[in-house]
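The values are calculated or read from the model by the stated rules, or taken from the named source; none is laboratory data. These figures come from a predicted structure and were not determined experimentally. Note that each Cβ is placed from the backbone with ideal geometry, even for glycine, and that neighbours are counted across all protein chains shown. Each accessible area value is taken on the protein alone, full model and side chains, heavy atoms only, with ligands, DNA and RNA left out. Shrake-Rupley method; radii C 1.70, N 1.55, O 1.52, S 1.80 Å.
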Amino acid sequence: MTAQSATIVEVGPRDGFQMEKAFIPTDLKVRVIDLLSEAGLRSIEVTSFVSPKVIPQMADAAEVLGRITRRPGTTCKALVPNLKGAERALEAKADVLELVIVASESYNRRNVGMTVDQSIEGCAQIANAVGAKSIPLEVVIGTSFGCPIEGPVPETQVERIARAVAALGISRLSLADSIGAGNPAQVSRLVTRIKNALPGMPLSLHLHNTRGLGLANALAGFQAGVDTFDAGLGGLGGCPIFPGATGNVATEDMVNLFEEMGVSTGVNLDKVREASRLMQQFLDRPLPSYILRVGTASELYAKAALANVS
Ligand code: COA
Ligand code: ZN
């Protein structure tokens, strides 16, 4: 049986913003994140503590975390690539830390200059550091459904990393389709495999929409028993290593998918759209979210009635 509710995790302020060349003023970042938490998104990846030389957009990570409104019940997550990032995130008072380990060796090396096993060792160090402060650590397994450099990624490799990090006491595992290479059958198969390997481990999906399969992949994951999905406001973003990739499934589209199926998300679409419009204005280009452009089914009916469509 599938769940009656789904949790949408907003990752646009990290995954989306990091792809933007122009520096997004800290004031705007704070305003957008505050709108997203007002919208009822109970988990928001607000920033990353990576090298500011590599990703200058994230140079204001501590300031962003320090200035956003911390609503009770809203978890502010920060992505970290290594122990140094984890120490910075803890000092800035992130509620949850997320470590990315990319399943394919070449992509992981390109992303953080480490082998997969070095990243797993790093995970052990970070787990110790956060454990001492009782802060949850989540692990995202990047390129779980395919890699732009190596092509198909063996499910055995994803399972190996999942088992290794689960043994370190992490609190959630996320399977990421970093470039939007996966399909629904693949999502169903990998989710089932990881659920069987690690019963009881909370599981999320992080899906990019490069080939238009993002929502179908989310639905396949939901039907396979996942109830937590990353999404990015407006569908912002891409992949730093694969120029052809697009952003995450848009938050508006993910929320709408579930709400129209009668699965509650607790998210106010209007507030999310307000945040997306602010970003659209700043970036001066239309964002790819369908709901931002077209609207929900009931909005569509209302428009049709106004236009006297018969
Ligand atoms: N935050 C800030 N500075 C960091 C850092 C972090 N998390 N980790 C390392 N550094 C600093 C070091 O202190 C060192 O500074 P110095 O030159 O002033 O001495 C410098 O960066 C180089 O350190 P090194 O350990 O050699 O790192 P690197 O240059 O190999 O870079 C990463 C490694 C992981 C920091 C870098 O590749 C990175 O930030 N990657 C993240 C990429 C990303 O965000 N991808 C998208 C999300 S998955
Ligand atoms: Zn991503």
Query raised in the report: In the stretch 214-243, what residues are more than 18 Å from GLU259 (Cα to Cα) and open to solvent by 50 Å² or more (accessible area, probe 1.4 Å)?
Result: PRO240, PHE242, PRO243
**Report entry** Single residue of the stretch 206-217 satisfying the filter (outside any helix (DSSP H, G or I) and out of contact with any helix residue (DSSP H, G or I) (no Cβ under 6 Å at 6 or more places or on another chain)) that is farthest from ligand 1 (Cβ to nearest atom)
**Finding:** GLY212
Requested in this report: Would you check which residues across the stretch 48-68 are assigned to a helix (DSSP H, G or I), within 16 Å of ligand 2 (Cβ to nearest atom) and not hydrophobic (A, V, I, L, M, F, W, C) and list them?
Outcome: GLN57
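Output yes when any residue across the stretch 53-68 is within 25 Å of ASP270 (Cβ to Cβ) and surrounded by fewer than 20 Cβ atoms within 10 Å (Cβ to Cβ), and no when none is. Spell out how you get there, then give the answer.
Here is the first cut: in the stretch 53-68, the residues within 25 Å of ASP270 (Cβ to Cβ) are 64, 67-68.
Then keep just the ones that are surrounded by fewer than 20 Cβ atoms within 10 Å (Cβ to Cβ); that gives 67.
Yes, some residue in the stretch 53-68 is within 25 Å of ASP270 (Cβ to Cβ) and surrounded by fewer than 20 Cβ atoms within 10 Å (Cβ to Cβ).
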Requested in this report: Can you confirm whether the stretch 11-26 contains a residue that is over 22 Å from SER289 (Cα atoms), open to solvent by 10 Å² or more (accessible area, probe 1.4 Å) and out of contact with any helix residue (DSSP H, G or I) (no Cβ under 7 Å at 6 or more places or on another chain)?
Outcome: yes
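Mind checking which residues of the stretch 71-87 are assigned to a loop (DSSP other than H, G, I, E, B) and touching a residue at least 12 places away in the same chain (Cβ under 8 Å)? Can you show your working first?
Taking the stretch 71-87 as the starting set, the residues that turn out to be assigned to a loop (DSSP other than H, G, I, E, B) are 71-74, 81-82.
Result: ARG71, GLY73, THR74, PRO81, ASN82.
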**Report entry** Hey, VAL140 in contact with a His (Cβ under 8 Å, 6 or more places away or on another chain), within 15 Å of ligand 2 (Cβ to nearest atom) and within 19 Å of SER171 (Cα to Cα) or not
**Finding:** yes
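Could you tell me whether VAL100 is closer than 19 Å to HIS206 by Cα and within 15 Å of ligand 1 (Cβ to nearest atom)? Steps first, answer last, please.
Numbers: closer than 19 Å to HIS206 by Cα: yes; within 15 Å of ligand 1 (Cβ to nearest atom): yes.
It is true that VAL100 is closer than 19 Å to HIS206 by Cα and within 15 Å of ligand 1 (Cβ to nearest atom).
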Report task. Could you grab me the full set of residues in the stretch 73-121 that are within 16 Å of ligand 2 (Cβ to nearest atom), more than 18 Å from the chain's Cα centre (by Cα) and polar (S, T, N, Q)? Result -> SER104
Query raised in the report: Any idea how many residues of the stretch 145-169 are open to solvent by less than 30 Å² (accessible area, probe 1.4 Å), within 16 Å of ligand 2 (Cβ to nearest atom) and out of contact with any Ser or Thr (no Cβ under 6 Å at 6 or more places or on another chain)?
Result: 2
Report task. Would you point out the residue of the stretch 1-52, among those that are touching a Leu at 6+ places or on another chain (Cβ under 8 Å) and of a type in the set (D, E, K, R), that is farthest from ligand 1 (Cβ to nearest atom)? Result -> ARG31
Query raised in the report: Can you name the residue in the stretch 246-298 that is buried (at least 23 other Cβ atoms within 10 Å of the Cβ) and within 16 Å of ligand 1 (Cβ to nearest atom) and, of all such residues, is nearest to ALA176 (Cα to Cα)?
Result: ASN248
Report summary line: Taking the stretch 100-144 and keeping only residues that are open to solvent by less than 50 Å² (accessible area, probe 1.4 Å) and either in contact (Cβ under 8 Å) with a residue 60 or more places away in the chain or touching a Phe, Trp or Tyr at 6+ places or on another chain (Cβ under 7 Å) (or both), one is left with VAL100, ILE101, VAL102, TYR107, GLU138, VAL140, GLY142, THR143
Query raised in the report: Restricting the search to the stretch 218-264, which residues are farther than 20 Å from ARG14 by Cβ and in a helix (DSSP H, G or I)?
Result: LEU219, ALA220, GLY221, PHE222, GLN223, ASN256, LEU257, PHE258, GLU259, GLU260
